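My questions all concern the structure below.
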Amino acid sequence: MGFKLVDVKPLETQLTFYNLLGEGGYGDVYSVTLEDVPYPLCLKLIRVICALDSTVHEATALAIMRHIRGVPRLVGICLDPPAVLMSMHGRVTLTKFCKVKPVDEYVLLRIFHTLSGILALINRWGFSHNDIKASNVTIENYSEASTTVTTLIDLGLLSNHEVYPFGKASDLNSRELEIQHAKKPWYDPDLFCGRKPTSTGTDMYSFGYMLRSALKLLPKTSSRLRGMTYRALGPLKDRPSFLEARRVIYNAAMRCKAWDSDLSPDDFSHTNEE
């Protein structure tokens, strides 16, 4: 699988505070433009140990997921400094969107409906995202439900199923990891502490945690979603699939608003394989 190499040096003047989109544990992300690319871009500068390996890993993940609408498009990578250039999808994360008052309940349900479809496709291919949280979901055109675009970003931890992205429990200080997990509660605790490998269920835990956190913004429909979030955060064997979650969210959305012809329980028009 080949990558287009890009030179970051001509972009250095754009790497300013005003173009900074976000700072994370793995690097900083900036909004940038290129004359020969007609759509918005962002550059992720990787700032971790083994940064080059992390850069190639994330670029590979984006390339593998390139057929799924709802995931950023890889444009190229830079090896020195290690960086990934990809399509940009707005400046509003789900975290920020949920702080807008008042939150449109139907739009928020549409966002979760679309996101569950993206994750269903990722998991159907045998992969886990492994870092599902509100700050890794971007929202565009959210003034109308039918025009809202939802994108799942930050594929730096993407992996196959049945792997231990944080290491196996036998190799780790489990007590220390449990303390760390308290600061990152959106991760499946058994996955984070190395007791179980990645699976559809471990991603569902993170999705359920995010949805549960949003229930207070869904006064009309939270009662229809609460049971599913309990299951998502419960034992692995009892967790719903993403397709099941999608149908539950759809039914809740239909209670929130009259029938909308561009939404159906199994519609993947916003998250399809291209």
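Out of (1) part of a helix (DSSP H, G or I); (2) crowded, with 20+ Cβ neighbours inside 10 Å, what's the single condition that is false for Ser223?
Ser223 satisfies all of (1) part of a helix (DSSP H, G or I); (2) crowded, with 20+ Cβ neighbours inside 10 Å except (2).
Say we look at the range 111-143 and pick out the residues that are among the aromatic types (Phe, Trp, Tyr) and at pLDDT 95 or above; which of these is farthest from Pro40 (Cα to Cα)? Show your work before the answer.
Residues of the range 111-143 among the aromatic types (Phe, Trp, Tyr): 112, 125, 127, 142.
From what's left, at pLDDT 95 or above: 112, 127.
Details: Phe112: 24, Phe127: 27 Å.
Among those residues, the one meeting the criterion is Phe127.
So that you can scan it fast, the table gives a plain yes or no per residue for (1) modelled with pLDDT under 85; (2) within 18 Å of the chain's Cα centre (by Cα):
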| site | (1), (2) |
| --- | --- |
| Asp7 | yes, no |
| Gln14 | no, no |
| Leu20 | no, no |
| Gly24 | yes, yes |
| Leu43 | no, yes |
| Glu58 | no, yes |
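Follow-up. Within the range 75-92, track down each residue that is among the β-branched types (Val, Ile, Thr) and part of a loop (DSSP other than H, G, I, E, B).
Within the range 75-92, none qualify.
Residues checked against (1) modelled with pLDDT of 95 or more; (2) over 17 Å from the mean Cα position of the chain (by Cα):
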| site | (1), (2) |
| --- | --- |
| Lys184 | no, no |
| Gly194 | no, yes |
| Gly201 | yes, no |
| Thr229 | yes, yes |
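Quick one: how many residues across the range 109-152 are of a type outside the set (Phe, Trp, Tyr), within 20 Å of Ala245 (Cα to Cα) and part of a loop (DSSP other than H, G, I, E, B)?
The total comes to 7.
Moving to a separate point now. When the residues of the range 231-254 are narrowed to those that are assigned to a helix (DSSP H, G or I) and among the basic types (Lys, Arg), which ends up nearest to Ala120 (Cα to Cα)?
Of everything passing the filter in the range 231-254, Arg246 is nearest to Ala120 (Cα to Cα).
Just one of Ala214, Ala182 is closer than 21 Å to Asn251 by Cβ and either crowded, with 21+ Cβ neighbours inside 10 Å or of a type in the set (Gly, Ala, Ser) (or both); which is it? Step through it out loud before you land on a result.
On the way: Ala182 fails: closer than 21 Å to Asn251 by Cβ.
After ruling out the rest, the residue left standing is Ala214.
In the range 81-123, which residue that is more than 18 Å from Thr138 (Cβ to Cβ) and either in contact (Cβ under 8 Å) with a residue 60 or more places away in the chain or in contact with a Cys (Cβ under 7 Å, 6 or more places away or on another chain) (or both) is surrounded by the most Cβ atoms within 10 Å (Cβ to Cβ)?
Out of the qualifying residues, it is Ala83.
If you don't mind, another one. Scan (1) in the same structural domain as Pro189 (by TED's automatic domain parsing); (2) in contact (Cβ under 8 Å) with a residue 40 or more places away in the chain; (3) closer than 18 Å to Thr60 by Cβ for the single condition Gly126 breaks and write down its number.
With (1) in the same structural domain as Pro189 (by TED's automatic domain parsing); (2) in contact (Cβ under 8 Å) with a residue 40 or more places away in the chain; (3) closer than 18 Å to Thr60 by Cβ applied to Gly126, the lone miss is (2).
Considering every residue within the range 162-170, establish whether at least one is over 30 Å from Met86 (Cα atoms) and either among the charged types (D, E, K, R) or loosely packed, with under 12 Cβ neighbours inside 10 Å (or both).
The answer is yes; a qualifying residue exists.
Something else about it: Which ones in the range 177-203 are assigned to a loop (DSSP other than H, G, I, E, B) and either outside the structural domain of Asn123 (by TED's automatic domain parsing) or over 16 Å from Pro240 (Cα atoms) (or both)?
Listed by number, the residues that qualify are Ala182, Lys183, Lys184, Pro185, Trp186, Tyr187, Cys193, Gly194, Arg195, Lys196, Pro197.
I've got another one for you. Looking only at the range 2-48, filter to residues that are touching a Leu at 6+ places or on another chain (Cβ under 8 Å), assigned to a loop (DSSP other than H, G, I, E, B) and in contact (Cβ under 8 Å) with a residue 60 or more places away in the chain; which one of those is farthest from Cys78 (Cα to Cα)?
Applying the filter and picking the extreme gives Phe3.
Out of Asp53, Asp131, Asp80, which single residue is under 12 Å from the mean Cα position of the chain (by Cα) and not hydrophobic (A, V, I, L, M, F, W, C)?
Asp131
Based on this model, can you work out whether Leu74 counts as touching a helix residue (DSSP H, G or I) at 6+ places or on another chain (Cβ under 7 Å) and under 29 Å from Phe112 (Cα atoms)? Break it down into steps so the answer makes sense when it comes.
Numbers: touching a helix residue (DSSP H, G or I) at 6+ places or on another chain (Cβ under 7 Å): yes; under 29 Å from Phe112 (Cα atoms): yes.
In short, yes.
The values are calculated or read from the model by the stated rules, or taken from the named source; none is laboratory data. Worth saying up front: this structure is predicted, and the values here are computed from it rather than measured. So basically every Cβ, Gly included, is an ideal-geometry build from the backbone, and we count neighbours across all protein chains shown.
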